[in-house]
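*Asks:* Provided herewith is a single structure, encoded as structure tokens, for subsequent inquiry.
The values are calculated or read from the model by the stated rules, or taken from the named source; none is laboratory data. Just so it is clear, the model here is predicted, and its values are computed rather than measured. Methodologically, a virtual Cβ is constructed for each residue, glycine included, from the backbone with ideal geometry; neighbour enumeration extends over all protein chains shown.
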Amino acid sequence: MDIRIVTAAFDPQSLCEQFRAARRDAGALVSFVGLCRAKTGGHAVDLLTIQQYEGFTAAEIGRIAQDIAARLSCPDILVVHRVGDIRPGEAIVLVAALSEHRETAFDAVRLLMDYLKTDAPLWKKESGPDGSRWIEARAQDRERRIKADERIA
Amino acid sequence: MRLVFFGKLGDVAPSHFSDIARPDEVRTLADLKAWVVRDQPPLASLMAATPVRLIVNQAVVHDLSQTVDDHDEIAFLPPMSGG
């Protein structure tokens, strides 16, 4: 289990490769990269600023990841989440899972992303020509997380 | 006592909240929440409009009757959005 909160731009591809290379017992690697968009909800975005609660954020994401790994019997999970100022096109988050078979790895990555959207102690602020606004999890994100939980249970 | 605020709450929370003496009338987390609302109208209107979780010394709290100590760090968390 590897949970990292980073403040600088990161290369998802090389981190994934390091993650993969650390184990020889996996038959499947699934990864997801979330990117900063240049436009959301009709607003152009020049900058995305993400806040964390130092110490608590990493611990909570770790707790969520451990819980998901245990529920799915997923051997290994990697989460890299950037905080601070992020520009359009840059990676915000990398979630990857290694497992013996692909179903577990797909489920782990999807469920972990659903949880990050609603339960990770992070706060996003978008800034652009129209001003700045704090972003909250959407109702559909919460519904998706609940449905994913029910499917896995 | 250290009060920390995140997201939109942080935009209006006063900076001196990062190091304040516990008011005499604040014994529990419920007291603290009520005191913050009385003392800071901009925070009050935000906290009335959005659910806020309290975290004490980086531990999740479920019971607002929990007592507050002079050196606690209490975080006020509005709805979260990562990923």
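*Asks:* Considering the range A:75-96 alone, what residues qualify as being at pLDDT 95 or above and farther than 13 Å from A:P12 by Cα?
*Replies:* A:D76, A:I77, A:V83, A:G84, A:D85, A:I86, A:R87, A:P88
*Asks:* So, one more: Give me the pairs, please: first residue somewhere in the range A:122-137 and more than 7 Å from chain B (Cβ to nearest Cβ), second residue anywhere and small (G, A, S), beta-carbon distance under 8 Å, and either six or more positions apart or on two chains.
*Replies:* A:K125/A:S132; A:K125/B:G7; A:E126/A:S132; A:G128/A:A44; A:P129/A:A44; A:D130/A:A44
*Asks:* Quick check on this structure: which one of A:F10, A:F19 is more than 12 Å from chain B (Cβ to nearest Cβ), among the aromatic types (F, W, Y), surrounded by 14 or more Cβ atoms within 10 Å (Cβ to Cβ) and out of contact with any Ser or Thr (no Cβ under 9 Å at 6 or more places or on another chain)?
*Replies:* Working: A:F19 fails: out of contact with any Ser or Thr (no Cβ under 9 Å at 6 or more places or on another chain).
Selected residue: A:F10, the only one of A:F10, A:F19 that is more than 12 Å from chain B (Cβ to nearest Cβ), among the aromatic types (F, W, Y), surrounded by 14 or more Cβ atoms within 10 Å (Cβ to Cβ) and out of contact with any Ser or Thr (no Cβ under 9 Å at 6 or more places or on another chain).
*Asks:* How do the pairs read when you match residues in the range B:56-83 that are more than 9 Å from chain A (Cβ to nearest Cβ) and at positive phi with residues anywhere that are among the acidic types (D, E) and not in a loop (DSSP other than H, G, I, E, B), using Cβ under 6 Å and keeping only pairs 6 or more apart or on different chains?
*Replies:* Sorted first by the residue in the range B:56-83, then by its partner, the pairs are B:N57/B:E73.
*Asks:* Which of the residues spanning the range B:35-50 are more than 19 Å from B:D63 (Cα to Cα) and either basic (K, R) or surrounded by 14 or more Cβ atoms within 10 Å (Cβ to Cβ) (or both)?
*Replies:* B:R38, B:Q40, B:L43, B:A44, B:L46 - these are the residues of the range B:35-50 that are more than 19 Å from B:D63 (Cα to Cα) and either basic (K, R) or surrounded by 14 or more Cβ atoms within 10 Å (Cβ to Cβ) (or both).
*Asks:* Right, next: Of everything in the range A:97-121 that's touching a strand residue (DSSP E or B) at 6+ places or on another chain (Cβ under 6 Å) and within 14 Å of another protein chain (Cβ to nearest Cβ), which residue is nearest to A:R20 (Cα to Cα)?
*Replies:* Step by step, filter the range A:97-121, then rank; the result is A:V109.
*Asks:* Name the helices (runs of 4 or more DSSP H) wholly inside the range A:39-153 in which the number of residues that are in contact with a Pro (Cβ under 8 Å, 6 or more places away or on another chain) is 2 or more. Before you say what the answer is, go through the steps one by one.
*Replies:* Details: elements: A:56-72, A:102-119, A:139-152.
Here the list reads A:56-72.
*Asks:* How many residues does the range B:11-34 hold that are surrounded by 16 or more Cβ atoms within 10 Å (Cβ to Cβ), closer than 30 Å to A:I50 by Cα and out of contact with any helix residue (DSSP H, G or I) (no Cβ under 9 Å at 6 or more places or on another chain)?
*Replies:* So the answer is 2.
*Asks:* Just the residues that are of a type in the set (D, E) and either more than 23 Å from B:V4 (Cα to Cα) or crowded, with 21+ Cβ neighbours inside 10 Å (or both), please, taken from the range A:120-137. Please lay out each step first, then the result.
*Replies:* Step one: list which residues in the range A:120-137 are of a type in the set (D, E), which gives A:126, A:130, A:136.
Passing the criteria: A:E126, A:D130.
*Asks:* Quick test for you: out of A:G55, A:G84, A:G62, pick the one residue that is out of contact with any strand residue (DSSP E or B) (no Cβ under 6 Å at 6 or more places or on another chain) and either aromatic (F, W, Y) or away from every other protein chain (no Cβ under 11 Å) (or both).
*Replies:* When all the criteria are applied, what remains is A:G84.
Residues are listed down the side, and each one gets a yes or a no for (1) of a type in the set (D, E); (2) surrounded by fewer than 16 Cβ atoms within 10 Å (Cβ to Cβ); (3) farther than 17 Å from A:R145 by Cα:
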site	(1), (2), (3)
A:V30	no, no, yes
A:G41	no, yes, yes
A:Q52	no, no, yes
A:G55	no, yes, yes
A:E60	yes, no, no
A:D76	yes, no, yes
A:V83	no, no, yes
A:V93	no, no, yes
A:R110	no, no, no
